[in-house]
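The values are calculated or read from the model by the stated rules, or taken from the named source; none is laboratory data. Computed from a predicted structure; not experimentally measured. Cβ placement follows ideal geometry from the backbone for every residue including glycine, while neighbour counts extend to all protein chains displayed.
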Amino acid sequence: MLLPLLGWGWDDWGGWFANPARLGLTVIIVGGVVAAVLMRVDVDPLRKGVTAVGCQKAELAALLAISLGLLWFLPFADQRGIFVLYGEWWRWVGLAMGGAGITVRLLALKALGQWFSAYVTLQPGHRLVREGIYHWVRHPLYLSLVIGPAGVALVFRSVLILPIVALAVGFCVDRIRKEERMLGEEFGAEFEKYRKVSWRMVPGVL
């Protein structure tokens, strides 16, 4: 019943899963959600007394709305050949990128633990996390926000990968700038030392 209501063009899950890349993406997303639940990730840090400074709540709400819209449009367009890249191999590139994005995000959430926040903010008793994936990169969550959505777009062969990546990079650059300024003011020499021995998002590149 669900797929016909969405208007994607598949009448049942058999049609959806007929493509192995779509099947793989579904498994990766469901697995990532289950893993996040098992890690007890708090998606609403405001309940812990955290204050969202500035217009971050509005920014995240807009990003969520755009993401949900794309999650509907990408399969719709793929089924109808709208804004698509030709060649099935794009799907496999996208699946690899989607898997990498989910993996990076889970590693970051595991390392952050209670210090995870969807907002650029400091929690009571906050400490500078340098363990796990944060030993090498300072902003793995933002890296996952770039490669994950880009991978989803490619699974559906969408040329919209270009504006999606541009939007994600713009969002992440702004957040990184604000976050590094905040961490520098809070942790001073400790953060400066960490900054010198780590990379922003990609070891050896950026």
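Structure notes:
- Among residues of the stretch 82-100 that are over 16 Å from LEU23 (Cβ atoms), those with a Cβ under 8 angstrom from a residue that is in a loop (DSSP other than H, G, I, E, B) and aliphatic (A, V, I, L, M), sequence gap 6+ or separate chain, pair up as PHE83/VAL159; PHE83/LEU160; VAL84/VAL159; LEU85/VAL159.
- Residue pairs whose Cβ atoms lie under 8 Å apart, separated by 6 or more positions or on different chains, with the first residue in the stretch 124-141 and without any contact (Cβ under 8 Å) to a residue 24 or more places away in the chain and the second part of a loop (DSSP other than H, G, I, E, B) and basic (Lys, Arg), do not occur.
- Flag for GLY170 being closer than 23 Å to GLU59 by Cβ and of a type outside the set (Val, Ile, Thr): yes
Yes or no, residue by residue, for (1) farther than 14 Å from SER158 by Cβ; (2) surrounded by 16 or more Cβ atoms within 10 Å (Cβ to Cβ); (3) within 18 Å of the chain's Cα centre (by Cα):
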site: GLN79; (1), (2), (3): no, yes, no
site: GLY101; (1), (2), (3): yes, yes, yes
site: GLY113; (1), (2), (3): yes, no, yes
site: GLU131; (1), (2), (3): yes, no, no
site: VAL137; (1), (2), (3): yes, yes, yes
site: PRO140; (1), (2), (3): yes, yes, yes
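- Here PHE156, PHE171 are screened, and the one residue that is crowded, with 20+ Cβ neighbours inside 10 Å and among the aromatic types (Phe, Trp, Tyr) is PHE156.
- Members of the stretch 153-206 that are closer than 21 Å to GLY132 by Cβ and under 16 Å from the mean Cα position of the chain (by Cα): CYS172, ARG175, ILE176, ARG200, MET201, VAL202
- VAL152 modelled with pLDDT of 95 or more and touching a helix residue (DSSP H, G or I) at 6+ places or on another chain (Cβ under 7 Å): yes
- ALA96 vs. criteria over 21 Å from LEU3 (Cα atoms), in a helix (DSSP H, G or I) and at pLDDT below 95: no
- Residues of the stretch 160-206 that turn out to be over 22 Å from HIS126 (Cα atoms) and hydrophobic (A, V, I, L, M, F, W, C), as a count: 14
- Every residue from the stretch 32-91 that is assigned to a helix (DSSP H, G or I), more than 17 Å from TRP8 (Cα to Cα), modelled with pLDDT of 90 or more and of a type outside the set (A, V, I, L, M, F, W, C): GLY32, ARG91
- LEU122 vs. criteria in a loop (DSSP other than H, G, I, E, B), more than 18 Å from LEU95 (Cβ to Cβ) and of a type in the set (A, V, I, L, M): yes
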